[in-house]
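Only one structure is covered here, and it is reproduced in the block below.
The values are calculated or read from the model by the stated rules, or taken from the named source; none is laboratory data. All values reported here derive from a predicted model rather than from experimental measurement. Here the Cβ positions follow ideal geometry from the backbone for every residue, glycine too, while neighbour counts run over all protein chains shown.
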Amino acid sequence: MRTLTQLFKSLSEPTRIRIIWLLQIGGELCVCDLMAVLDLPQSTVSRHLAYLRNAGLVNDQRKGVWMYYRLPAEPGELLAGILRVLQTAAKDMEQAAIDRRRLAAHLKTKRADACRIAG
């Protein structure tokens with residue numbers, strides 16, 4: 001984690017909180033998965049992911065032509081606490097329920113060859 005201020009600034013934007021939530025429930029997701037659920041263009045999703053990555057909140061990994069994002073395997077005490085708070089708060093957030101349903105539907109209907117390693 002870079003700084004406490006950077007951490008909280010990263011989480012001050014609703015779309016970035018939604019991305020963290022989606023990674024929390026979905027595990028590793030590619031940009032196209034997040035685009036489908038958030039209904040946002042690739043450039044917007046990528047910009048938010050870059051912000052989260054620079055703050056140390058997400059890790060990325062290139063697989064072929066696709067970029068995948070996930071939460072850190074060992075998030076540290078502060079981020080782990082924030083993730084617990086988000087998990088608890090999401091139970092009462094309508095948008096979290098909508099995002100959960102949209103992610104499940106997207107992953108269920110996603111083409112088998114989508115976001116796979118090229119080659």
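Considering region 89-111 alone, what residues qualify as being basic (Lys, Arg) and either under 15 Å from THR15 (Cα atoms) or in a helix (DSSP H, G or I) (or both)?
ARG100, ARG101, ARG102, LYS108
Among the residues of region 89-119, write down those that are polar (S, T, N, Q) and at pLDDT below 90.
Correct list: THR109 only.
Can you tell me which residue is surrounded by the fewest Cβ atoms within 10 Å (Cβ to Cβ) among those in region 3-36 that are of a type in the set (Val, Ile, Thr) and farther than 19 Å from PRO75 by Cα?
Within region 3-36, the match that is surrounded by the fewest Cβ atoms within 10 Å (Cβ to Cβ) is THR15.
Could you please give the count of residues in region 36-72 that are over 14 Å from the mean Cα position of the chain (by Cα) and under 17 Å from GLY26 (Cβ atoms)?
Total satisfying the criteria: 2.
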